[in-house]
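Scroll down for the structure; my scribbles are underneath it.
The values are calculated or read from the model by the stated rules, or taken from the named source; none is laboratory data. Worth saying up front: this structure is predicted, and the values here are computed from it rather than measured. Cβ placement follows ideal geometry from the backbone for every residue including glycine, while neighbour counts extend to all protein chains displayed.
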Amino acid sequence: MDRETRLRRLAFRAWHRGTREADYMIGGFFDRYGKTWSDEELDWFETLIEEQDVDIMAWAIGKQPVPEQFEGPQMQAFQKLDFINIPR
């Protein structure tokens, strides 16, 4: 699949998680960084979003230890939570 199709597919999956909180956290992270990611970084994100939302959110806010496969610069950026924009 070409890059643009992959990005659109990942954006949809990132923003359609099932809860508003997960949508803002995971979708906001993808919107902020996704277009600049390498194929390897997109692979990381694609694997991440296969996990349960409660786990992903717990890793982001430090309530659970991050599994080794997700540790690194992308998770560190995710844990900053500075990309969340909640409309009022």
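Figure legend. Inter-residue proximity from region 5-17: first residues without any contact (Cβ under 8 Å) to a residue 12 or more places away in the chain, second residues of a type outside the set (Val, Ile, Thr), beta-carbon distance below 8 Å, spacing 6+ or different chains. Indicated pairs: Arg9/Met1; His16/Asp23.
Is it the case that some residue within region 53-72 is of a type in the set (D, E, K, R), surrounded by 11 or more Cβ atoms within 10 Å (Cβ to Cβ) and modelled with pLDDT under 95? Looking through region 53-72, none of the residues is of a type in the set (D, E, K, R), surrounded by 11 or more Cβ atoms within 10 Å (Cβ to Cβ) and modelled with pLDDT under 95.
Which one is nearest to Asp43 (Cα to Cα) among residues in region 73-88 that are surrounded by fewer than 13 Cβ atoms within 10 Å (Cβ to Cβ) and in contact with a helix residue (DSSP H, G or I) (Cβ under 7 Å, 6 or more places away or on another chain)? By that ranking, first place goes to Asn85. On inspection, Phe45 passes the criterion of being part of a helix (DSSP H, G or I) and either free of Cβ contacts under 8 Å to residues at least 12 places away in the same chain or not aliphatic (A, V, I, L, M) (or both). Checked against the criterion of being assigned to a helix (DSSP H, G or I), without any contact (Cβ under 8 Å) to a residue 12 or more places away in the chain and not β-branched (Val, Ile, Thr), region 25-36 contains not a single residue that satisfies it.
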